[in-house]
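Here is the structure we will look at, set down as C-alpha cells.
The values are calculated or read from the model by the stated rules, or taken from the named source; none is laboratory data. The structure displayed is predicted, hence computed values, not measured ones. Backbone-built Cβ (ideal geometry, glycine too); neighbour counts: all protein chains shown.
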Amino acid sequence: MSVTVLEQSATLGEIGAGLQLAPNAFAALDALGVGEAVRARAVFTERLVMMDAVDCSEVGAFEVGEPFRQRFGNPYAVIHRADIHTAILEHVRGNPAIGLVTSCQIDAIEQIASGVTVLARDGRRFQADYLVGCDGIKSVARELVVGDPVRVSGHVVYRAVVPTAEMPEELRWNAPVVWAGPNCHLVHYPLRSGDQYNLVVTFHSREQEVWDVRDGSKEEVLSYFGGIAELPRKLLHCPSSWRRWSTADRNPVDNWTQGRITLLGDAAHPTLQYLAQGACMALEDAVTLGEAVRHCDYDMEAAFALYQKSRIARTARVVLSAREMGRLYHAHGVERLVRNDLWKGRGQDGFYNALQWLYGWSADCCLATD
C-alpha cells in the first residue's frame, strides 16, 4: 500500500504553539513509531494545577510523576507543536511508501464506484482508491460525508509563546497551570527545555463570533479579565503579540464514513480545548485506523467501518466532556464555590480514577469488539 499526504501549507516548519500530551497520546505515538523522538523534544512536568483566578487559591492539583506513570503506563508532557511535527515528519520522510505534497489546498472531492478524485485549488487532480479526510474543522471531506454545520462556541482563545525571561518569576512553574475565572481562564506551561512558555487565555466573547483566526489585540484581551486577581493578570502583559481564535466544535455524529472516504481527527470530531485532547484523539484515530486496516486484511471499506465503530463513542464523550469542563473552568458565583469545594476534597486517587477512561487508552485494545 502507498499513501500520498496532501498538505495545504507551503512549508512545514515553526508553526503553532504548545500542546499537552497525556499518557494516551504517548501510547499512540509509541504505536506509530515516534514516541521516543517526541519524548526527546518534550518537557516533562511535575503536576497539573488548577488555581482560582479570583482569590489565587489552589483548587486542585495532582502529581504526574512516577505514581502517575505507573498508573497510566506513560508520562504527561508538554511540547511545541513544531517539535512534534518535526518528529512525525522525519518518520514520514523515512518511509518510501509515503509521498508528501505541500501547497495543496483542496477545493472539491469527487467519489465514484472505482475511486476518489481530489481537486486542488491550483488545478491539480489527485486520484486514489480511498481517502482519509483529516483536513480539520473546516473539512472539505466532512462537507461531502456529513454536511453538518460548525458549532461556534462564543469562546475566544488568545495564544502566544514568550521567552521565559519575560515571564514573571513567580509564575515560572514546571506544570500546566489553569487559572479559572468567571467566564474566562488562563493557562501557562513551559516549552523547549524551559526556554519558553506557552500562554493561552480564553474568554466568553461579547460579540457575535464567527469561526476565524487572526491577530489579537492587547486591548481586547485586557478588557475581559477585570474580574481576576493581579497575579494571573500579569500573564496578559507578557506577549508582544497574540493570535486570536474564535473557537468551534461540531456535535457528535454516528457516522463519518461514506463509501471510500472516512474522516480522522478534527474533521471527524472537532473538540474544544478544555480537556487538551484534540491532538491526542487524532493520534488515537491514526493508530486505530491502521490496526483496523491490518485486522481486515486491507479490505478498506470493512476497515473504515471497524475504525469508526471503535472510535465514535469515545470521541463523542471527549467532545461533550470538553464542553462540560469549559463550563466548570468558567464557573462564577455559587457555582464557582461549589466547584472549588468539590475539587479541593479530591485526593490523588480521586483524580486518577476520574481520568482512567481517558488516559488509560491502549493501542493493544483499540478495536471495538462485539
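If the requirement is being out of contact with any Leu (no Cβ under 8 Å at 6 or more places or on another chain) and touching a residue at least 60 places away in the same chain (Cβ under 8 Å), which of these qualifies: Glu170, Glu143, Glu166?
Sole residue among the options that is out of contact with any Leu (no Cβ under 8 Å at 6 or more places or on another chain) and touching a residue at least 60 places away in the same chain (Cβ under 8 Å): Glu166.
Do any residues in the stretch 54-66 that are closer than 16 Å to Leu342 by Cβ have Cβ atoms under 6 Å from those of residues that are surrounded by 14 or more Cβ atoms within 10 Å (Cβ to Cβ) and aromatic (Phe, Trp, Tyr), where the two are at least six apart or on different chains, and which pairs are they?
Close Cβ pairs (under 6 Å, with a partner that is surrounded by 14 or more Cβ atoms within 10 Å (Cβ to Cβ) and aromatic (Phe, Trp, Tyr)) amount to Val59/Trp343; Gly60/Trp343; Phe62/Phe351.
Filter the stretch 333-360 down to the residues that are assigned to a helix (DSSP H, G or I), surrounded by 11 or more Cβ atoms within 10 Å (Cβ to Cβ) and charged (D, E, K, R) and list them by number.
Residues satisfying the conditions are Glu335, Arg336, Arg339, Lys344, Asp349.
So Val287 fits all but one of (1) under 27 Å from Tyr359 (Cβ atoms); (2) outside the structural domain of Ser321 (by TED's automatic domain parsing); what number is the exception?
The one condition Val287 does not meet is (2).
Of all residues in the stretch 202-224, count the ones that are within 20 Å of Pro270 (Cβ to Cβ) and aliphatic (A, V, I, L, M).
The number of residues fulfilling the criteria is 2.
Exactly one condition in (1) under 21 Å from Arg336 (Cα atoms); (2) of a type outside the set (Gly, Ala, Ser); (3) assigned by TED's automatic domain parsing to the domain that holds Gln111 is not met by Leu186; state its number.
Condition (3) is where Leu186 drops out.
Hey, any hits in the stretch 139-146 for a residue that's under 22 Å from Leu283 (Cα atoms), small (Gly, Ala, Ser) and assigned to a helix (DSSP H, G or I)?
yes
Going by the structure shown, is Gly278 buried (at least 20 other Cβ atoms within 10 Å of the Cβ), free of Cβ contacts under 8 Å to residues at least 24 places away in the same chain and either polar (S, T, N, Q) or closer than 18 Å to Arg151 by Cα (or both)?
Yes.
Have a look at Val200, Val210 and point out the one that is touching a Ser or Thr at 6+ places or on another chain (Cβ under 7 Å) and among the β-branched types (Val, Ile, Thr).
Unique residue meeting the criteria: Val210.
Inside the stretch 189-204, can you point out the residues that are within 22 Å of Gly227 (Cα to Cα) and either outside the structural domain of Ile228 (by TED's automatic domain parsing) or surrounded by fewer than 17 Cβ atoms within 10 Å (Cβ to Cβ) (or both)?
His204, the sole residue that qualifies.
Quick check on this structure: which one of Ala305, Ala363 is out of contact with any Phe, Trp or Tyr (no Cβ under 8 Å at 6 or more places or on another chain) and surrounded by fewer than 18 Cβ atoms within 10 Å (Cβ to Cβ)?
After applying the criteria, what remains is Ala305.
Are any residues in the stretch 133-158 in contact with a Ser or Thr (Cβ under 8 Å, 6 or more places away or on another chain) and more than 25 Å from Arg206 (Cβ to Cβ), and if so, which ones?
Gly133, Val145
Out of (1) among the aromatic types (Phe, Trp, Tyr); (2) in contact with a Phe, Trp or Tyr (Cβ under 7 Å, 6 or more places away or on another chain); (3) under 20 Å from Val5 (Cα atoms), what's the single condition that is false for Tyr274?
So Tyr274 meets the others, but not (3).
Checking the condition among the acidic types (Asp, Glu) and surrounded by 12 or more Cβ atoms within 10 Å (Cβ to Cβ), which residue from Glu230, Glu219, Glu209 passes?
It is Glu209.
Does Val177 fit the bill of being under 30 Å from Val38 (Cβ atoms), outside the structural domain of Gly333 (by TED's automatic domain parsing) and at pLDDT 95 or above?
Taking the combined requirement at face value, the residue satisfies it.
In the stretch 258-297, which residues are within 22 Å of Cys365 (Cβ to Cβ) and either over 22 Å from the mean Cα position of the chain (by Cα) or charged (D, E, K, R) (or both)?
Within the stretch 258-297, Glu284, Asp285, Glu291, Ala292, Val293, Arg294, His295, Cys296, Asp297 qualify.
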